[in-house]
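Scroll down for the structure; my scribbles are underneath it.
Read-outs throughout are calculated quantities, based only on the coordinates presented, and are distinct from any laboratory measurement. These numbers come from a predicted model, not from an experiment. Backbone-built Cβ (ideal geometry, glycine too); neighbour counts: all protein chains shown.
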Amino acid sequence: MATLEDSYLSDLDELSENETETVKNDAPKEKEEEIIVNYNDLTKLQKTQRLVDIRKKVEEVLDSDYKLILDCNNLLDEIDKEIVMIHNFIRDNYRLKFPDLELLVTHAIDYAGVVKRIGNETDLALVDLEGLLPTGMILAVQVMAPRKSVKLLSKDVLEKTIDACNRAIDLDSSKKKVQEFLESKTRFIAPNLSSIVGSKIAAKLFVNAGGLLALVNMPPTCNVDQLVGHKRKKTFVGSLEGYLEETEIVRNTPLEHRSDACEFLAAKLTLAARIDFTRGDFSGGKGKAFREEILEEIDDWQEPNRNCAEEGSGESSEDEGYETELFRPWSLGLGSKSFSEFGSFSKRPRMFDWE
């Protein structure tokens, strides 16, 4: 009866035999027939109408995608402005009934939802605000609600206010759909750019720059060669700095390092745009690596300040101990004595033998 070890060895032998057979079969032939290439066959595919038609369709799709992304980006800005205007209208009307509500609920859409739920109701215990606000915020709203001399809105003003709330909520729903579409398109067109700054900021960057190619050709910062003897070019930081400051990376950077962070981020975004333009990495892995490198670099900039703070704290503790020593009376004894240099107290006591 064969043991487990014997069966394992026999399987290894079979695998080795199969490998040798495949090597023999895959061995190149000693004599290969020479392939003769005709010069006219080199441009055979380029002259076909099929290549021209497919290339034209691809360019049309790319142009349409770029225009669609541009339209979506502009639409998002218009939606934000419209929501702000509607929010101001709702606050001006509802301030007469509940003046402190705008101080508690600052988000425009949340404010519209709460106003729609409350309406002209005076007892907020009867109003269900679950799903609109956190539990702590609901309690704060109920506590701050006016209980005496409540001024109710007229029927006409209340109808217009509720209609404005519905418009704001509907606009926010449309905004979310456009954002989801824009982010999906941006992740497909510029995956590495999106991995660094997010899909929303990435869309703003290459749309306002004029496309990925324009973003690739845009230098990160302005140097001497661009100023002397040449027409000054648009730089990444110079023309798109406002969008860089919106990124999470720059917002989380201390103020004294934000300028350097924008320049370093612009350099990495230029590299990411080149990768996306050449379709070098569809997964966005290189963009993620760039993001980690940026965060580590910014963290290293803050290390000297941390070290100085630690050293400062250490010196202060020594000085505090030294100050307590200064106020101790100087007395002479029979044994070893503490003596100060040059007639004043020194930080390091000297020991003398009085014998």
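Taking a temperature of 25 °C and a viscosity of 0.890 mPa s, what whole-number D in µm²/s does Stokes-Einstein yield for segment 53-181 with Rh from Kirkwood over alpha carbon pairs? Display every interim value, and only then the final one.
Working: Rh = 16.8 Å.
Approximately 146 µm²/s, per Stokes-Einstein.
Of 185/288; 175/200; 175/286, which ones are farther than 20 Å apart at the Cα?
Exceeds cut-off: 175/286.
Evaluate E = 1/(1 + (r/R0)^6) for residue 257 and residue 292, where r is the Cβ-Cβ distance and R0 equals 22 Å; express this FRET efficiency to the nearest 0.05.
0.80
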